[in-house]
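Notes follow once the structure below has been shown.
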């Protein structure tokens with residue numbers, strides 16, 4: 001499985017996440033009125049951002065439901081008055097399913113597959129963008145109708161199937177600190193805000209029923225709005 005990071009990197013970053021977990025979780029999160037709160041471009045703020053990203057990344061990798069993990073994240077960090085995830089439909093041209101994806105879903109070339117692209121939102125914050133190829137013949141009619149007509153997240157719709165996730169790939173798209181730290185060279189402190197890119201990490205996963213029948217493949221790209229709350233380390237603005 002291509003994780004995009006080394007085993008040593010996972011261990012090191014996991015240790016950092018553990019060291020900062022008490023500080024990060026102990027502070028009450030505050031929702032900014034609009035947009036992203038400004039994080040200072042300091043080593044401490046970058047370290048906190050790394051710990052938070054790796055914490056959510058690991059939580060989702062260990063969970064049977066990305067939707068549930070995002071809902072808990074939204075609640076724990078007060079990203080919206082009501083910590084509920086909705087799936088806002090985006091209607092680009094459908095992406096064709098590849099032969100490799102069909103093999104992972106254990107279907108032949110004739111099996112119908114539907115494509116759904118959504119933004120997973122908590123309040124007005126986009127936490128993830130997801131492409132989803134699913135086999136409608138392996139869902140109930142009620143589930144198919146809900147996916148076509150409502151903003152219910154896929155994970156909630158298919159929950160009666162007792163789904164579990166097999167991660168195909170997990171890639172870090174941005175790291176606040178350079179690869180190889182602390183031995184490597186650290187970024188110099190800056191006076192301006194920390195520039196956080198739109199996309200932070202990406203997962204590709206296959207969802208299967210409790211009877212091990214695969215029915216969906218998803219590509220989830222997690223967005224910078226997962227950090228849409230003030231940092232807590234030294235040098236951050238007061239809450």
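Tabulated data
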quantity	calculated
Filtered residues of region 152-166 (kept if in a loop (DSSP other than H, G, I, E, B) and surrounded by 15 or more Cβ atoms within 10 Å (Cβ to Cβ))	152, 153, 158, 163
Number of positions in region 116-151 that are surrounded by fewer than 16 Cβ atoms within 10 Å (Cβ to Cβ), in a loop (DSSP other than H, G, I, E, B) and out of contact with any strand residue (DSSP E or B) (no Cβ under 6 Å at 6 or more places or on another chain)	3
Enumeration of residues in region 52-95 that are at pLDDT below 95 and more than 28 Å from residue 232 (Cβ to Cβ)	64, 89, 90, 91, 92, 93, 94, 95
Filter pass, residue 59 being crowded, with 18+ Cβ neighbours inside 10 Å and in contact with a helix residue (DSSP H, G or I) (Cβ under 7 Å, 6 or more places away or on another chain)	no
Condition check for residue 197: loosely packed, with under 15 Cβ neighbours inside 10 Å, assigned to a loop (DSSP other than H, G, I, E, B), in contact with a helix residue (DSSP H, G or I) (Cβ under 9 Å, 6 or more places away or on another chain) and at pLDDT 95 or above	yes
Members of region 42-51 found to be at pLDDT below 90 and surrounded by 19 or more Cβ atoms within 10 Å (Cβ to Cβ), listed by number	42
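The values are calculated or read from the model by the stated rules, or taken from the named source; none is laboratory data. Computed from a prediction, not measured in an experiment: that's the story for all the values here. Don't worry about glycine lacking a Cβ; one is built from the backbone with ideal geometry, like all the others, and counts go over all protein chains shown.
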